[in-house]
Every structure is written in structure tokens, then in C-alpha cells.
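No lab work stands behind these numbers, since they all come straight from the coordinates. Treat the numbers as computed from the prediction; the structure is a model and nothing was measured. Counting neighbours? That spans all protein chains shown, and the Cβs are built from the backbone with ideal geometry, glycine included.
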Amino acid sequence: MPFPQTNRVIYAKNPLVEVVCQLRFPPILSINQSNLADFQSHIRDVYPLYSTAGSEGQSLHEFSTEDEKWKISLSVGHIALTCSEYRTWDDFKEKLQQPRQYFEEIFHPRYYTRIGLRYQDMIVRSRIGLDGIAWNALLQPYILGELGSNDIESSIVARFTQCLINLSASQSQVRLGHGFGPDTEEGVPYVIDSDFFTDIKTEKGQVLDALDYFNKQSGRLFRWCITPRLHAAMDPQQA
């Protein structure tokens, strides 16, 4: 088990800016034909907005909530749910489950070729009462790299690193990227981007098991990256 076990919490000062679940499958060309309207009719109450992008044969169809904080994306090779206002895992799964059920009933994918769940956290110190606190007080030493040096920490203007980590589950991995994000009016944020995935053939009935596993690992990974001081500053609540 790569990341230590921790208690599940919900942060009142939530650092998550985006969560994406993507399910890939062998191409289904009928997705670009008339039965796409049937899929839309089933999800329109929750996802009433529609847009499309891409070229003929490679169209990306997007169905969004009124506030555009939740979006279902569908192409000939994948279906995805993107969320910019994440609250709980149960809430996210519920928003995913019904569109996935309708997709499977209408388009009949035989199985999935890739299951992915990606979390992007952005830590802005001024938002959580830590403005001016050095990163070496907020991030673990193995994450800090050059930021661990008191001599040059304040002079570093750009830094981002990536690594690929094997997980305990068979043929599952996480691609971890972390470092400075784009500068904002509130200061330079630190981004922790964790993309969990498996590229093995997955039967439809096993999708939620894989996603539940990735979700559990995501919480552990994030806590593994940060110090108790940063954890406390985000006001953790018992999940």
C-alpha cells in the first residue's frame, strides 16, 4: 500500500478545483448518429445545456448543468464527468451513475478499456489564513524539493514535477504532478494533481469498485503530501 491509511475528512475550506472521471471504451460510431438525442432526453433534466466541438467523426458532445459546474462529455471513445464544485464522493458517484446507466442501455459498450479518476487540488495560502507561511511548513519534505531550501525558496518562480506510482491494486497507477500553478491575485498557488487509472479491460459491473478504490487512495495521497499544519488550516470535518 503506497500511501498510509488516514481517516476520511471533508475540508470546509476545500482545495479541490476539479474532479474528472473518464471511462474509455472501444469506439462506438453510432454515438455520432440519431440515438444521441435519446441519451440527451434521459439526462436533460439535470444536464440541460448542450454544446459540441471537434470535427465530423471525432465530435465531442457536452451536456452541462445550468450553472456549468457539472458536465458530461461523450465521444465515440469515452464518457466523462467533470465537476468544479466537488462536495462528497457519494454525491459525485450519484451524478455519474445515472448518465452511465443510460449510456450503457443506449449504446451497449461491451467493456471499458480505461478507468480514470483525477483530482486537482489548488492550495492558495491567503484563502486559508496562511499568507506568508513558507511552503516548507505546509508540504512534506519529500514533496518540497528545492522549496525546502530556506536560501532560495523565496526566489523560485516556477516549479512542477511529475512521477508515476504503482498502486496495490493490480495494474493500477497514479500519475502525480505537483508544483506552482498560474499566478493569481491572491498569490501563487501550489497544485497537487493526482490522476488515478487502470488500462486493463474492465467489465461494466466492476467500474464502481475501481472508482471507489481510486477515491480512497486519493484522500490518502493528498494527506501524504501535506503537513498537519496545512491539514488543520483547511478545517477538516469528519466524513
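Here the stretch 156-230 is treated as a Stokes sphere of Kirkwood radius computed over C-alpha pairs; at 37 °C and 0.692 mPa s its diffusion coefficient rounds to 231 µm²/s. The 3J(HN,Hα) values that the Karplus relation (6.51, -1.76, 1.60; θ = phi - 60°) gives for the stretch 178-195 are, in residue order, 7, x, 6, x, x, 4, 10, 5, 9, x, 7, x, 9, 9, 10, 10, 10, 10 Hz. Gly and Pro appear as x. Normalised by 2.2 N^0.38 Å, where N counts its residues, the alpha-carbon radius of gyration of the stretch 90-192 equals 1.50.
For the chain, the direction-averaged projected area of the alpha-carbon convex hull comes to 13.9 nm². Computed on the chain, with alpha-carbon pairs under 8 angstrom and 6+ residues apart, the relative contact order is 27 percent. What is the list of residues in the stretch 41-79 whose amide nitrogen lies under 20 Å from a point 7 angstrom out from the Cα of TYR111, following Cα to Cβ? Once the point is set 7 Å along Cα→Cβ of TYR111, 77-79 turn out to lie under 20 Å by backbone N, inside the stretch 41-79. Taking label positions 7 Å along the Cα-Cβ direction at both GLU18 and LYS204, the computed distance is 2.9 nm, reported to one decimal. Please determine, in degrees from 0 to 90 and to the nearest 10, the orientation of helix 207-225 with respect to the longest principal axis defined by the Cα atoms of the chain, where the helix direction is its Cα long axis. With rounding to tens, the tilt is 10 degrees.
Computed about its Cα centre, the charge dipole of the stretch 27-109 is approximately 140 debye, with only Lys, Arg, Asp and Glu carrying charge at their Cβ. Compared with the alpha-carbon gap, the fully stretched path from SER154 to ALA232 is longer by 25.7 nm at 0.36 nm per residue.
Specify the inter-centroid distance of the stretch 1-64 and the stretch 193-234, based on alpha-carbon positions, in whole Å. Taking the Cα centre of each part, the stretch 1-64 and the stretch 193-234 sit 18 Å apart. Taking the longest Cα principal axis of the chain as reference, the axis of helix 89-107 is set at about 30 degrees. The sum of -39500 (n - 2.57) across all DSSP H runs of n ≥ 4, divided by the residue count of the chain, sets its helix-only mean residue ellipticity at 222 nm to -7000 deg cm²/dmol. The 3J(HN,Hα) values that the Karplus relation (6.51, -1.76, 1.60; θ = phi - 60°) gives for the stretch 8-16 are, in residue order, 6, 10, 10, 7, 5, 9, 6, x, 5 Hz. Gly and Pro appear as x. Per residue, the average separation of C-alpha pairs within less than 8 Å and at least 6 apart gives the stretch 27-109 a relative contact order of 28 percent. Which residue fluctuates the most in the chain, going by a Gaussian network model with Cα springs under 10 Å, if the choices are THR65, THR82, THR161? Comparing THR65, THR82, THR161 in the GNM, the peak value goes to THR161.
Principal semi-axes of the equivalent ellipsoid, √(5λ) from the alpha carbon gyration tensor of the stretch 27-109, are 21, 14, 11 Å from largest down.
With a simple spin-label model that places each label point 7 Å from the Cα along the Cα-to-Cβ direction, the separation between ASP131 and GLU185 comes to 1.3 nm.
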